Amino acid sequence: MIYKRSSALFAQASEVIPGGVNSPVRAFKAVGGDPIFIKKAKGAYLYDEDGNELIDYIASWGPMILGHAYGPVINAVIEKAKKGTSFGMPTEIETEIAQLAVSMVPNIDKIRFVNSGTEACMSAIRLARGYTGREKIIKFAGCYHGHSDSFLIQAGSGAVTFGSPNSPGVTSGTAKDTLLANYNDLENVRQIVAANKGEIAAIIIEPVAGNMGCIIPEEGFLEGIRSICDEEGILFIFDEVMTGFRLAKGGAQELLKINADIVTFGKVIGGGLPVGAFAARNEIMNHLAPLGPVYQAGTLSGNPLAMAAGLAMLTTLNETPEIFTSLNEKTAYLHNGLENTLSNGILPYQINRLGSMISVHFTDEAVIDFKTSAKGNNDTFKKFFHGMLSQGIYLPPSAFESWFLNDALSYADLDKTIDAVSKVIKEL
Ligand SMILES: Cc1ncc(COP(=O)(O)O)c(C=O)c1O
């Protein structure tokens, strides 16, 4: 495939935008080469500026669960835009999407909309601190909760891909309030809690991690943290920015049957527009301004276009829950195809999957946390990524990211992907 125009656009972008991209995960730094510039997308397909057609496995990093340019979302946005794009005053649609989200997700009474997953997680932590009167939080190595200061301590996703899991610019005062635990290591959590008794406001986790590849919580891990939180008066925050409205209607809480105290959302909830949200039971949410003292705000929060897109997306997912089954079946089919193909080769590999999140790691050790994820062979991944790209398959340009399937993918697309893997691994 030829990427002449993309490369020219990237060169121009790099003159005026740091690294040529507005979010580092879009750069190809981890895999080499220039990022591809996209002209348009429809269904499961991306069309780039050079006229190449690519089967998409990132779905805009999660939101496009029903495929690109999904009709009801596009129409809802167009109709809303005709009536004005922002008022800075309440609108009915904010209540409509809030009611729907609260009805779909277990264990929440109220939800507040913001503009990104970062904002949602940042606000959730402030709320937890305000509610408990404590300052410290526990996060897990390799989990990513957005780019706010408290979370850039051993962060996953682009932060680890580009070698800055602990970002310069985060003050030591902030860093000391974020305690770091190992994913799937309950004993480690227990020790940290014991060493900081009465000081921890919240434990925040990706209930199924997607920012160090896809990592599945081992049985008893989340349940164990739930018990610790109950015993110690700590709030358990599920960062469902990736898993919310993707793993099930009610997200990981529903699928794994574990209640969180605060849940954060992003991605799918905005239908491809910039939306995040955080939600909890009344007793917690009522601490937020203007009801309570914990301040949080946003000029464009609950923006009508964003709410229209989100409402159209959630309405489809709510009214056609068989989408989740169909997505799971498609991802299981891909998983099976990958397994058959990779097991014929000589390369060590691991495939992790839950629902429509899946990742391949080139290592012979089970990938259960950040340490084991980091043992994957990045040179092999680079070649795999570029090999797949040359076959018209767009994977995340980093081994530290989950692939996201969308329901517009056909079985023919999945077969084409599996065939591409079998060609590519012969050349690795
Ligand atoms: C689990 C998780 N939390 C939070 C975020 C931050 O969301 P945003 O990029 O919308 O700020 C991300 C982004 O990928 C994420 O994957």
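Structural remarks
- Taken over the range 302-328, the criterion of being open to solvent by 30 Å² or more (accessible area, probe 1.4 Å), touching a Lys or Arg at 6+ places or on another chain (Cβ under 9 Å) and in a loop (DSSP other than H, G, I, E, B) is satisfied by Pro321 alone.
- Those residues of the range 366-394 which are within 20 Å of Phe140 (Cα to Cα), out of contact with any His (no Cβ under 6 Å at 6 or more places or on another chain) and in a loop (DSSP other than H, G, I, E, B), in sequence order: Ala366, Ile368, Asp369, Lys375
- The range 250-297: number of residues that are within 14 Å of the ligand (Cβ to nearest atom), open to solvent by 10 Å² or more (accessible area, probe 1.4 Å) and in contact with an Asp or Glu (Cβ under 7 Å, 6 or more places away or on another chain): 0
- Only residues that are open to solvent by 40 Å² or more (accessible area, probe 1.4 Å) and closer than 15 Å to Asn188 by Cβ were counted in the range 214-226, giving 1.
- Criterion (farther than 21 Å from Pro290 by Cα and within 16 Å of the ligand (Cβ to nearest atom)) met by exactly one of Tyr70, Tyr57: Tyr57
- Every test in (1) in the same structural domain as Gly376 (by TED's automatic domain parsing); (2) surrounded by fewer than 18 Cβ atoms within 10 Å (Cβ to Cβ); (3) on the phi < 0 side of the Ramachandran plot is passed by Leu46 save one, and that test is (2).
- Any hit, the range 5-23, residues being of a type in the set (A, V, I, L, M, F, W, C) and touching a Leu at 6+ places or on another chain (Cβ under 9 Å): no
- Of all the numbered requirements in (1) in the same structural domain as Trp61 (by TED's automatic domain parsing); (2) within 20 Å of the chain's Cα centre (by Cα); (3) open to solvent by less than 20 Å² (accessible area, probe 1.4 Å), Gly337 misses one, and that requirement is (2).
- Residue match in the range 368-379 (condition: under 21 Å from Ile65 (Cα atoms), crowded, with 23+ Cβ neighbours inside 10 Å, at pLDDT 95 or above and not hydroxyl-bearing (Ser, Thr, Tyr)): no
- Strands (runs of 3 or more DSSP E) wholly inside the range 1-104 containing at least 1 residues that are touching a Gly at 6+ places or on another chain (Cβ under 6 Å): 53-56
The values are calculated or read from the model by the stated rules, or taken from the named source; none is laboratory data. Keep in mind that this is a model prediction, so the values were computed, not measured. Here Cβ is always computed from backbone atoms with ideal geometry, including for glycine, and neighbour counts include all displayed protein chains. Accessible surface areas use protein heavy atoms only, side chains included; no ligands, DNA or RNA. Shrake-Rupley method; radii C 1.70, N 1.55, O 1.52, S 1.80 Å.
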